[in-house]
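Participant: Below you'll find the structure I mean.
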Amino acid sequence: MRVAIIGTGALGCLLGARLATHAEVCVLGSWPHGVDAINKRGICVEANGVVETVQVSAGVDPQQFASVTVAVLAVKSWQSERAARLAAGVLAPDGLAVTLQNGLGNLEKLAKCVGAERAVAGVTTQGATLLAPGYVRYGGGGETCFALCASTRARLQKLAALFEAAGFPARLTVELEGLLWGKLAISAGINALTALLSIPNGELLSRPDASEIMLAAARETEAVATALGVEMPFDASEEVSKVAASTGSNFSSMMQDMLRGAPTEIDAINCAIAREAVRH
C-alpha cells in the first residue's frame, strides 16, 4: 500500500514513522523546516525514553511522488483547504483521502476537492508532541475509527489492518458521527482553557473555576449534538474529566499552538459548536 501523510506536525510525523515500517509512505507538507528535517535524518519518535528514527521521503510538491492508495490528512483545521489540494494532487483515481483532523467541517472541505466518493472521515485519539522539526514524543492513545460505507469497505479494511500492524488499534464504524462529537466535547472542554491559562491538562481539575467551565463546555457540546440527533458515545462531562486526569501532564495541541504563536483550531472546535447551537 502506498500512503501519503499530509502534514509534518506531531500527528503527521507519528503516523508517517509508524506506518512506514509496514507500507510505502511519503510525507507532504508546507513547512520547509519540517520537510528538510525529515529528508535529512528521517522522523524521530520518542516513546518511553527510547528514540527510534525512521527514514521517510518528504516534500512540498505532490508531483514528486507516485500516485498513492490513501492520503491521510493530519493537519490543523485551518490548513484543510491546502491539505485537500495536496491530497488531490497525489491520490490515485481509485484512492481514498481520509481526514483525521479535529473539529467540524474538514470532511466537507476535503470532499469538495477530491470528490465525495473519495473522501472519508476518521477520528483518532492518538497523541504526540512536536519537540523539533521531524521529532515527536509519542503520547499514547486509543482507537482510530474510520467511517464505513459499502463502496469503501474493502479499501478501508486494508487501511485499518495497516494501522493495526503499526500499533494503532483501528476499526470501521457506521457510528462515526457520535465519536466525532464525543472527541469534540473533550476538545472544547480542555483545549481552549489550557491555552488561555497556559497550564497542563490535569491542572484544570485542581482549579474549581476552570473545572466548572470545562464541564459546562462539554455539557454544552453534548446538548448541541443532541439537537442534531447525534448519539454521544459517553457522558461528556464525565469523560472530559477522565481525559483531563489521564493526560494530566500533557499540554494540549491548542496550547502548543499558542506558545508557538501559530493559528489555533478554535474556529473549528468551540466556535463551530456555538454556530451549530445558534442554528438550532
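The values are calculated or read from the model by the stated rules, or taken from the named source; none is laboratory data. Just so we're clear, the structure is a prediction, and the values are computed from it rather than from any experiment. Heads up, the Cβs are rebuilt from the backbone with ideal geometry, glycines too, and the neighbour counts pull from every protein chain shown. For the accessible areas, the whole protein counts, side chains as well, though only heavy atoms, and no ligand, DNA or RNA atoms are used. Shrake-Rupley method; radii C 1.70, N 1.55, O 1.52, S 1.80 Å.
Participant: Go through GLY12, GLY42 for me and flag whichever is over 17 Å from GLY127 (Cα atoms) and open to solvent by less than 50 Å² (accessible area, probe 1.4 Å). Break it down stepwise before answering.
Facilitator: Numbers: GLY12 fails: over 17 Å from GLY127 (Cα atoms).
Being over 17 Å from GLY127 (Cα atoms) and open to solvent by less than 50 Å² (accessible area, probe 1.4 Å) holds for just one of GLY12, GLY42, which is GLY42.
Participant: Let me ask something additional. Is it the case that VAL240 is of a type in the set (Val, Ile, Thr) and touching a Phe, Trp or Tyr at 6+ places or on another chain (Cβ under 9 Å)? Walk me through how you get there before you give the answer.
Facilitator: On the way: of a type in the set (Val, Ile, Thr): yes; touching a Phe, Trp or Tyr at 6+ places or on another chain (Cβ under 9 Å): no.
Taking the combined requirement at face value, the residue does not satisfy it.
Participant: Of the residues ALA58, ALA66, only one is crowded, with 18+ Cβ neighbours inside 10 Å, small (Gly, Ala, Ser) and closer than 20 Å to VAL35 by Cβ; which?
Facilitator: After applying the criteria, what remains is ALA58.
Participant: Of everything in segment 98-109, what is under 10 Å from GLY122 (Cα atoms) and among the hydrophobic types (A, V, I, L, M, F, W, C)? Give them in sequence order.
Facilitator: Here is the first cut: in segment 98-109, the ones under 10 Å from GLY122 (Cα atoms) are 98-102, 107.
VAL98, LEU100, LEU107, listed by residue number.
Participant: If you don't mind, another one. Report yes if ASN250 is touching a strand residue (DSSP E or B) at 6+ places or on another chain (Cβ under 9 Å) and in a loop (DSSP other than H, G, I, E, B), otherwise no.
Facilitator: Details: touching a strand residue (DSSP E or B) at 6+ places or on another chain (Cβ under 9 Å): yes; in a loop (DSSP other than H, G, I, E, B): yes.
Against the criterion (touching a strand residue (DSSP E or B) at 6+ places or on another chain (Cβ under 9 Å) and in a loop (DSSP other than H, G, I, E, B)), ASN250 qualifies.
Participant: Just checking: which of the helices (runs of 4 or more DSSP H) contained wholly in segment 147-245 hold 1 or more residues that are open to solvent by 40 Å² or more (accessible area, probe 1.4 Å) and within 30 Å of HIS280 (Cβ to Cβ)?
Facilitator: On the way: elements: 153-165, 176-197, 203-206, 208-227.
Per the criteria, 176-197, 208-227.
Participant: Of the numbered conditions (1) of a type outside the set (Ser, Thr, Tyr); (2) part of a helix (DSSP H, G or I); (3) open to solvent by less than 70 Å² (accessible area, probe 1.4 Å); (4) under 29 Å from ASN250 (Cα atoms), GLY139 fails exactly one; give the number of that condition.
Facilitator: Of (1) of a type outside the set (Ser, Thr, Tyr); (2) part of a helix (DSSP H, G or I); (3) open to solvent by less than 70 Å² (accessible area, probe 1.4 Å); (4) under 29 Å from ASN250 (Cα atoms), only one is false for GLY139: (2).
Participant: One residue is enough: does segment 72-90 have a residue meeting the conditions in a helix (DSSP H, G or I), within 28 Å of GLU164 (Cβ to Cβ) and open to solvent by 40 Å² or more (accessible area, probe 1.4 Å)?
Facilitator: Applying the first criterion (in a helix (DSSP H, G or I)) to segment 72-90 yields 77-90.
From the residues that got through so far, the ones that are within 28 Å of GLU164 (Cβ to Cβ) too are 77, 79-80, 83-84, 86-88, 90.
Within this subset, residues satisfying the condition of being open to solvent by 40 Å² or more (accessible area, probe 1.4 Å) are 79.
Yes - at least one qualifying residue is present in segment 72-90.
Participant: Conditions first: (1) modelled with pLDDT under 95; (2) assigned to a helix (DSSP H, G or I). ALA66 passes all but one, so which condition is the exception?
Facilitator: Here ALA66 clears every test but (2).
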